[in-house]
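To start, the structure itself, in structure tokens.
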Protein chains: 2
Amino acid sequence: MSLDALNAALAEIPLAQAMGLHAIQAGAAMALAAPLAPNTNHKGTAFGGSLHSAAILAGWAWLWGYLRQNGLQAQVVIQKAQAEFTAPVAGDFTAFCDGAAPEDLEHLMRMLTRKGRGRLALACRVESGNQVCMKFVGEYVVLMGAAV
Amino acid sequence: MSLDALNAALAEIPLAQAMGLHAIQAGAAMALAAPLAPNTNHKGTAFGGSLHSAAILAGWAWLWGYLRQNGLQAQVVIQKAQAEFTAPVAGDFTAFCDGAAPEDLEHLMRMLTRKGRGRLALACRVESGNQVCMKFVGEYVVLMGAAV
């Protein structure tokens, strides 16, 4: 998936726009960057909800791109999320998703073929100044035959 | 804590403003409401990051208010979060926090007195149209002697 296609998708999410979130890398390694200024809390560091939103979207974008690359039009929905905020964020930040293990992806594709529905856990992280500031695991549900 | 004081605190968080998030109930039961329009995803339902941000802030606001009521000026930071998205949100939504058990609050206050630092888990939920759409547990760290 191209950066342009991904940024066009992000443009349809008003909160992503309010955050200034934009894709800087797409494909096998997904990276969504945001400036600090629109994402501060009352202490001037990054608001946890902004970091979490960036991570949700990094995982979603990775999976959406993977499905498109495999010729599938499917709906991707976040179902569960676990996050650990490991360091305060005092600057611009980037959410990364490195994707899933091949066996997990094979399992997902089998479930989609058999049942039209599957599930995938994706680990994401948020970094600022080369430091990991949030660790995130999102569990996404994929529904075939639904609007993208 | 008054609604005005809480809304003044939310006004210092740009993303909360972009969400249209505002307190409709403060004190022992905390409720933060938001309209759907600025919080949609590309499918027109509520973006998971918006729901999560509202829940983080409902718990944070509850704990901040509790500490202020007890005469404490302390910093409240989200450290861990678990969320389950149980239903799509097709309308305006409200994040609730009902607070913590008395024994957990007593433990927190003892830790703050002894160590100047404590921890509290708070359950929050997001409802839309009287349906629970997200369940959330946030683990917050409280630091005495730090800027609020």
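Laid out as a table, the results:
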item	result
Label zone at residue A:123, where the point sits 7 Å out along the Cα-to-Cβ direction: the range A:15-46 residues whose backbone N lies under 15 Å	A:30
Semi-axes of the equivalent ellipsoid for chain A, Cα gyration tensor, largest first, Å	27, 15, 13
Shielding by partners, peptide A:40-46 (average Cβ within 10 angstrom, other chains)	5
The protein assembly as shown - Rg (one decimal) and Dmax (whole number), Cα, Å	18.9, 59
Inter-chain Cβ neighbour average for residues A:64-73, partner chain, 10 Å	0
Helix-derived mean residue ellipticity, 222 nm - over chain A, DSSP H n ≥ 4, -39500 (n - 2.57), to 500	-10500 deg cm²/dmol
Debye intensity ratio in log₁₀ form over the Cα atoms of the range A:37-89, taken at each q of 0.16, 0.24 Å⁻¹	-0.60, -0.92
Sequence-distant lysines (8 or more away, or on other chains) whose Cα lies within less than 18 Å of residue A:80	A:135, B:80, B:135
Residues residue A:70 and residue B:137, FRET efficiency given R0 of 25 Å [Cβ-Cβ distance, rounded to 0.05]	0.10
Distance between the range B:118-148 and the range B:43-107 - C-alpha centres, whole angstrom	3 Å
Simple label model, 7 Å out from Cα along Cβ direction - residue A:86 to residue A:2, nm	3.6 nm
Inter-label distance for residue A:114 and residue A:130, nm, one decimal - labels placed 7 Å from Cα along Cα-to-Cβ	4.6 nm
Neighbouring partner chain Cβ atoms per residue of A:12-25, average, 10 Å criterion	4
The range A:59-148 - percent relative contact order, Cα under 8 Å, separation 6 or more	42 percent
Ascending count of other beta-carbon atoms within 10 Å, so fewest first, for A:132, A:126	A:132, A:126
Net charge of neighbours whose Cβ lies under 9 Å from the Cβ of residue B:83, counting Lys and Arg as +1 and Asp and Glu as -1	+1
Positive-end residue of A:37, A:8, A:130, charge dipole of the range A:3-144 with Cβ unit charges	A:8
Dipole moment magnitude, nearest 20 debye, the range A:3-144 about Cα centre, only Lys, Arg, Asp, Glu C-beta charged	420 debye
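Read the figures in this text as sums done on the coordinates, not as results from a lab. What you see is a predicted model; the values in this text were computed from it and never measured. FYI the Cβ positions are ideal-geometry reconstructions off the backbone, even for glycines, and counts take in every protein chain you see.
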